[in-house]
Amino acid sequence: MSFEIKMLGKVRGIFLDLLPTGREDEQLQLTGQAEQLVAQGSAPYQEIVRQGRCFMATNSAVATVTGIPTTAYALALYNNESDGGRSYVIDQVWALYTTNTAALPHVGIIGVLSTVREAIPAAATGATPRQMNGMGNSDTKAKICIAADNPTGGGAGLLPSTTGLAANWIPLGTSVNAAVTSLPGFQQVVQIDGKIIVPPGRYFALHTLGSVTSSSAQLGVMWHEKLLTLG
């Protein structure tokens, strides 16, 4: 038995590439297993970025730690939305190693996510989130905290003790080895693609963990903001 189905769609933005007159009704294309064929019409992040709710932030280079930290971090993103506000969906993190004086150091990116609402921190001076569509209309409520905010923390900022627990830090991506002993430039980029979500009132913090403290990395995070119902 076959059924006739008509689909009605609403196109966002400017109407382009409309079907010619007389071809408004089109058959769906199926595979031999009766699966509908679907093609991606745009780049994966295009619509999120276009709407102006995708941001990035970086810090100044901070020395790698050789042990799993607790409250120390190199770069932290704080979601300053009210309860019920936008969540921050983490898309990507990266580390650009700017200093390397040891022979073939082994380093990786680690991260920690709050599980309870924390007090609102002071944002770092000049650490402003940047909008990824190039428009510069940054109305995000995100606060960016960097290591230099708290020099008493051994060169790193300090998380609240309810977030900064050694057991909460996790590896992000795989670690790498430098191929040279004195020049910077090796780097890591890790696609998170929404596997980490920062609810209102929570931190997402980063550091680098490695074999020596003589390597330093500039860390970065990219995220987009959405209203989500969290379970």
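Since only 72, 60, 49 are under comparison, the one whose Cα sits farthest along the positive direction of the charge dipole of the range 34-101, derived from C-beta charges on Lys, Arg, Asp and Glu, is 60.
Karplus-based coupling profile of the range 161-174, in residue order and whole Hz: 5, 7, 9, x, 10, 4, 5, 8, 6, 10, x, 10, x, 10, with θ = phi - 60° in 6.51 cos²θ - 1.76 cosθ + 1.60 and x standing for Gly or Pro. Near the amide H of residue 186, within less than 5 Å, lie the amide hydrogens of 97, all on another chain or at least 5 residues away, with H placed in the peptide plane. Report the GluC sites (Glu not before Pro) located in the range 22-77 that are in a DSSP loop and have at most 13 other Cβ atoms inside 10 Å of their Cβ, or state none. Listed in order of number, the matching sites are 24, 26, 35. Note on 45, 97, 73, 78: ascending count of other Cβ atoms within 10 Å places them as 45, 97, 78, 73, the fewest first.
About its Cα centre, the range 61-190 has a charge dipole of approximately 80 debye under the convention of +1 per Lys or Arg Cβ and -1 per Asp or Glu Cβ, with nothing else charged. Amide H contacts for residue 72 (H built 1.01 Å from N in the peptide plane; partners 5 or more residues away or on another chain; cut-off under 5 Å): 159.
Between the amide H of residue 92 and those of 192, 193, 222, distances stay under 5 Å, these residues lying 5 or more places away or on another chain, with hydrogens modeled in the peptide plane.
Bear in mind these aren't lab numbers, they're just calculated from the coordinates by the rules spelled out. Quick caveat, the model's predicted, so the values are computed rather than measured. Positions of Cβ are generated from backbone atoms using ideal geometry, with glycine treated the same way; all protein chains shown enter the neighbour counts.
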